[in-house]
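Colleague: The structure that follows is given in the form of structure tokens.
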Amino acid sequence: MAKSNGDQPDAAEIKENLENIDSATVRFAGDSGDGMQLAGTQFSNTTAIFGNDLSTLPDFPAEIRAPAGSLPGVSGFQICFSSHDVMTPGDEPDAMVIMNPAALKMNVGDLQPGGILIVNEDAFKPLNIQKAGYDVSPLEDGSLSEYRLIKIPITKLTLNALEDFNLNNKIKERSKNFTALGIVFWLYDRPLQPTIEWVKEKFAKVPDVAEANITALKTGNNFASTARIFTSHYSVKKAKMKKGKYRNITGNEATALGYVTAANLAGKQLVYASYPITPASDILHELAKHKSFRVKTIQAEDEIAAICAALGAAYTGSIGITGTSGPGLALKSEAINLALMTEIPVVISNVQRGGPSTGLPTKTEQADLLQAMFGRNSDSSLPIVAASTPADCFKMAFEAVRLAVESMSPVIFLTDGYLGSGSEPFKVPDVADLPRIEIKHHTDPKTYAPYLRDMKTFSRPWAVPGTPGLEHRLGGLEKADGSGDVSYDPLNHELMTMYRHKKVESLANSIPLLKVTGPKSGKLLVLGWGSTFGAISAAVKSLSANGIEISSTHLNYLNPFPKNLGKVLSSFEKVLIPEINLGQLALLIKARFGVNVVQLNKVKGKPFLIHEIYDKIREVLKGN
């Protein structure tokens with residue numbers, strides 16, 4: 001037990017009190033200008049290097065700079081790390097770093113009773129306390145008595161350590177996040193060197209700032225180890241992971257690398273065109289780093305221009321991709337249907353966020369499924385895939401490209417803010433283990449017709465403009481079967497509508513069957529899609545460990561569904577579907593398969609906690 005005052009242990013006692021624990025969940029929270037995202041990211045990167053499994057949840061405000069000290073301006077970063085598999089960023093944190101009263105107000109309710117609460121007491125000034133809505137300082141009124149409160153003058157420590165630096169106090173104070181990070185590094189027995197190396201590289205052009213940050217980091221670490229405010233600190237051993245090369249990766253980074261890999265294995269240039277939008281912009285940022293891998297990036301003037309540029313690139317034989325988030329997908333809908341009508345392979349990344357309209361730009365939600373499925377005029381079915389974890393974004397981005405090329409169709413790839421900004425260890429795949437993407441552009445004028453279909457896949461040939469003898473025209477008007485001439489014939493329109501539908505349905509032959517974790521039949525199946533994977537898997541694993549028979553399965557392919565989905569669903573008395581929306585997959589499952597569905601829905605801009613799904617499963621099973 002840590003002691004904030006009174007009896008203090010000596011150094012030898014603290015050394016002896018290095019406790020081995022299996023896992024820990026830590027949250028950094030402060031004002032949006034306090035550098036909490038940077039502190040959390042550096043703690044995550046160091047933890048990944050150390051060899052722990054981990055999962056992270058950045059949580060930041062939509063405003064670039066909300067009023068300092070205000071509740072809307074609070075920014076947080078949570079990480080769960082462990083010596084075994086980690087599936088979520090954790091439910092209740094074991095420790096919190098709180099940089100101001102507003103951050104305390106917004107976060108302390110999540111800290112588990114007895115949890116470590118490290119507070120920058122310098123920020124608890126009357127004005128800040130008032131801005132946070134407190135009548136009196138919560139550090140003094142006893143309201144935090146259920147936590148292990150550690151009050152540290154983090155700002156003052158930082159300024160004192162940087163007293164001799166030729167920097168103004170405003171710049172010096174910005175280093176206080178490194179002081180806090182140094183404290184947490186000591187608390188969880190993490191090395192400083194990876195962060196020191198990162199600081200030297202990041203701030204190479206401003207060496208005084210780099211040195212200030214390094215000094216602050218060491219100051220926090222030394223303070224924690226010598227001031228004897230903690231009675232013990234903690235060690236989390238390396239996780240046992242499959243052999244291989246790992247890196248810590250966010251979902252957006254994994255998406256970008258999946259696209260680059262798919263395009264290179266297909267032997268094609270990748271053209272990514274997008275309009276900046278949270279939380280999808282990082283895909284564009286990451287792809288812009290990979291120009292040496294035949295990647296062209298375009299920051300378009302709006303969402304419509306972005307998809308039209310990607311569509312044009314695909315028309316000329318490149319892998320055309322665009323990215324966006326919810327409201328941007330709505331703007332792209334007409335061009336998506338143009339891609340569907342012209343049957344040109346283009347991929348649309350949708351990193352879902354809270355909506356509708358501008359909604360909650362920095363918060364997560366998975367409420368665009370029905371928009372992806374039906375959000376266009378007429379019968380306009382297209383393939384839809386979704387990632388289940390940040391690392392899984394690599395695989396499903398790759399799959400999106402593969403399916404687009406195979407079906408000559410636009411494909412929507414769904415992730416969300418939680419997956420896109422969250423991170424976890426990613427095992428770098430061996431290129432030899434990845435599937436091949438073979439693209440054969442039609443070149444023979446004697447056998448070419450623009451809409452002459454492969455009757456196995458129902459896709460039309462992909463001819464690159466400029467190929468001698470293969471001149472053809474495309475557009476939004478209906479095309480005649482085979483010739484591609486404009487046609488208003490009623491029978492032809494019905495035939496072409498069926499072809500466009502069948503080629504999506506035929507993809508069920510090239511996607512994997514659904515696998516069930518646990519018994520293959522029984523009382524209850526938990527069915528998930530997208531980012532609910534971690535919380536569902538952890539809840540089911542915990543229940544199974546307690547002897548409760550429960551099964552789960554997860555959908556990465558949402559249109560078409562895996563061929564065996566109906567058989568899987570019919571093997572259970574009830575199907576529980578947790579979703580971060582009001583029941584969009586549940587609606588599709590009930591309409592398509594008529595099974596007994598129980599919904600669990602959450603629309604708070606946050607991912608599911610493990611115990612929320614655990615408790616619902618128990619409730620449903622008790623009702624049987």
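The values are calculated or read from the model by the stated rules, or taken from the named source; none is laboratory data. Values in this document were obtained by computation on a predicted structure and should not be read as measured data. We place every Cβ from the backbone using ideal geometry, glycine too, and count neighbours over all the protein chains shown. Ligands, DNA and RNA are excluded from the accessible area calculation, which covers all protein heavy atoms including side chains. Shrake-Rupley method; radii C 1.70, N 1.55, O 1.52, S 1.80 Å.
Colleague: State which residue is most open to solvent (accessible area, probe 1.4 Å) when the search covers only the stretch 602-624 and only residues that are assigned to a loop (DSSP other than H, G, I, E, B) and hydrophobic (A, V, I, L, M, F, W, C).
Modeller: That would be 603.
Colleague: Here's something else I'd like to know. Go through the stretch 35-67 and count every residue that is part of a loop (DSSP other than H, G, I, E, B), open to solvent by 50 Å² or more (accessible area, probe 1.4 Å) and not basic (Lys, Arg).
Modeller: Matching residues across the stretch 35-67 total 5.
Colleague: Here are the criteria: (1) of a type outside the set (Phe, Trp, Tyr); (2) over 25 Å from residue 216 (Cβ atoms); (3) open to solvent by 30 Å² or more (accessible area, probe 1.4 Å). Tell me which single one residue 32 does not satisfy.
Modeller: All conditions pass for residue 32, except number (2).
Colleague: Among the candidates 584, 599, single out the residue that is crowded, with 16+ Cβ neighbours inside 10 Å, more than 21 Å from the chain's Cα centre (by Cα) and within 30 Å of residue 60 (Cα to Cα).
Modeller: After ruling out the rest, the residue left standing is 599.
Colleague: Okay, next question. Any residue that is among the β-branched types (Val, Ile, Thr) and surrounded by fewer than 24 Cβ atoms within 10 Å (Cβ to Cβ) - is there at least one of those in the stretch 521-533?
Modeller: No; the residues of the stretch 521-533 include none that is among the β-branched types (Val, Ile, Thr) and surrounded by fewer than 24 Cβ atoms within 10 Å (Cβ to Cβ).
Colleague: While we're on this one: Residue check, residue 510 against (1) surrounded by fewer than 16 Cβ atoms within 10 Å (Cβ to Cβ); (2) closer than 20 Å to residue 586 by Cα; (3) of a type in the set (Gly, Ala, Ser), all met but one. Which one?
Modeller: Residue 510 satisfies every listed condition except (2).
Colleague: So which residues in the stretch 286-297 are buried (at least 18 other Cβ atoms within 10 Å of the Cβ) and in contact with a strand residue (DSSP E or B) (Cβ under 6 Å, 6 or more places away or on another chain)?
Modeller: Matches in the stretch 286-297: 287, 295, 297.
Colleague: Shifting gears a bit: Working only within the stretch 110-136, note down all residues that are more than 24 Å from residue 229 (Cβ to Cβ), assigned to a helix (DSSP H, G or I) and without any contact (Cβ under 8 Å) to a residue 40 or more places away in the chain.
Modeller: Hits for the stretch 110-136 are 126, 130.
Colleague: Take the conditions hydrophobic (A, V, I, L, M, F, W, C), more than 19 Å from residue 385 (Cα to Cα) and assigned to a strand (DSSP E or B) and apply them to residue 543. Does it pass?
Modeller: no
Residues are listed down the side, and each one gets a yes or a no for (1) out of contact with any Phe, Trp or Tyr (no Cβ under 7 Å at 6 or more places or on another chain); (2) among the β-branched types (Val, Ile, Thr); (3) at pLDDT 95 or above:
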position: 9; (1), (2), (3): yes, no, no
position: 17; (1), (2), (3): yes, no, no
position: 23; (1), (2), (3): no, no, yes
position: 29; (1), (2), (3): yes, no, yes
position: 36; (1), (2), (3): no, no, yes
position: 39; (1), (2), (3): no, no, yes
position: 49; (1), (2), (3): yes, yes, no
position: 55; (1), (2), (3): yes, no, yes
position: 60; (1), (2), (3): yes, no, no
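Colleague: Then there's this: Can you run down the residue pairs with Cβ atoms below 7 Å, 6 or more apart or on separate chains, where the first is in the stretch 299-325 and modelled with pLDDT of 95 or more and open to solvent by less than 10 Å² (accessible area, probe 1.4 Å) and the partner is among the aromatic types (Phe, Trp, Tyr) and part of a helix (DSSP H, G or I)?
Modeller: As it stands, the answer is 321/259, since those pairs meet every condition given.
Colleague: Anything in the stretch 326-371 that is touching an Asp or Glu at 6+ places or on another chain (Cβ under 7 Å), free of Cβ contacts under 8 Å to residues at least 40 places away in the same chain and closer than 19 Å to residue 405 by Cα? List them, or say none.
Modeller: Scanning the stretch 326-371 gives no hits.
Colleague: From the set of residues in the stretch 234-278 that are in contact with a Gly (Cβ under 6 Å, 6 or more places away or on another chain) and not hydroxyl-bearing (Ser, Thr, Tyr), which is nearest to residue 403 (Cα to Cα)?
Modeller: My answer is 271.
Colleague: Let me ask another. What's the number of the only condition in (1) over 23 Å from residue 92 (Cβ atoms); (2) surrounded by fewer than 17 Cβ atoms within 10 Å (Cβ to Cβ) that residue 554 fails to meet?
Modeller: (2)
Colleague: In the stretch 89-108, which residues are over 16 Å from residue 23 (Cβ atoms) and not hydrophobic (A, V, I, L, M, F, W, C)?
Modeller: Result: 100, 101, 105, 107.
Colleague: Within the bounds of the stretch 275-285, is there any residue that is among the aliphatic types (A, V, I, L, M) and open to solvent by 30 Å² or more (accessible area, probe 1.4 Å)?
Modeller: There is no residue in the stretch 275-285 that is among the aliphatic types (A, V, I, L, M) and open to solvent by 30 Å² or more (accessible area, probe 1.4 Å).
Colleague: Can you give me the number of residues within the stretch 72-88 that are within 21 Å of residue 20 (Cα to Cα), among the hydroxyl-bearing types (Ser, Thr, Tyr) and assigned to a strand (DSSP E or B)?
Modeller: Selection size over the stretch 72-88: 1.
Colleague: Of the residues in the stretch 137-148, how many are more than 13 Å from residue 104 (Cβ to Cβ) and either without any contact (Cβ under 8 Å) to a residue 24 or more places away in the chain or hydrophobic (A, V, I, L, M, F, W, C) (or both)?
Modeller: 2
Colleague: Here is a further query. Could you list, in sequence order, all residues of the stretch 49-82 that are out of contact with any helix residue (DSSP H, G or I) (no Cβ under 9 Å at 6 or more places or on another chain) and small (Gly, Ala, Ser)?
Modeller: If the condition is that a residue be out of contact with any helix residue (DSSP H, G or I) (no Cβ under 9 Å at 6 or more places or on another chain) and small (Gly, Ala, Ser), then 51, 82 are the ones that fit.
Colleague: Let me ask another. Exactly one condition in (1) under 30 Å from residue 465 (Cα atoms); (2) part of a loop (DSSP other than H, G, I, E, B); (3) open to solvent by 20 Å² or more (accessible area, probe 1.4 Å) is not met by residue 358; state its number.
Modeller: If we test residue 358 against (1) under 30 Å from residue 465 (Cα atoms); (2) part of a loop (DSSP other than H, G, I, E, B); (3) open to solvent by 20 Å² or more (accessible area, probe 1.4 Å), just (1) comes out false.
Colleague: Sticking with this structure for a sec: Are there any pairs, at least 6 apart or on different chains, whose C-beta atoms fall under 6 Å, with the first in the stretch 579-591 and of a type in the set (S, T, N, Q) and the second open to solvent by 10 Å² or more (accessible area, probe 1.4 Å), and if so, which?
Modeller: 581/367; 584/370
Colleague: OK, next. Is it the case that some residue within the stretch 452-471 is touching a helix residue (DSSP H, G or I) at 6+ places or on another chain (Cβ under 8 Å), in a strand (DSSP E or B) and either of a type in the set (Asp, Glu) or surrounded by 15 or more Cβ atoms within 10 Å (Cβ to Cβ) (or both)?
Modeller: Within the stretch 452-471 (the criterion being touching a helix residue (DSSP H, G or I) at 6+ places or on another chain (Cβ under 8 Å), in a strand (DSSP E or B) and either of a type in the set (Asp, Glu) or surrounded by 15 or more Cβ atoms within 10 Å (Cβ to Cβ) (or both)), the answer is no, since none of the residues qualifies.
Colleague: When the residues of the stretch 587-596 are filtered to those that are not β-branched (Val, Ile, Thr) and not in a helix (DSSP H, G or I), which remaining residue is farthest from residue 61 (Cα to Cα)?
Modeller: Across the stretch 587-596, the extreme among qualifying residues is 594.
Colleague: Moving on. Please specify each residue of the stretch 188-224 satisfying the condition of being within 19 Å of residue 47 (Cα to Cα), part of a helix (DSSP H, G or I) and either open to solvent by less than 50 Å² (accessible area, probe 1.4 Å) or touching a His at 6+ places or on another chain (Cβ under 7 Å) (or both).
Modeller: Result: 194, 195, 196, 199, 214, 217, 220, 221, 224.
Colleague: Here is a further query. Just need a number here: residues in the stretch 161-185 that are open to solvent by 30 Å² or more (accessible area, probe 1.4 Å), in a helix (DSSP H, G or I) and in contact (Cβ under 8 Å) with a residue 40 or more places away in the chain.
Modeller: So the count comes out to 2.
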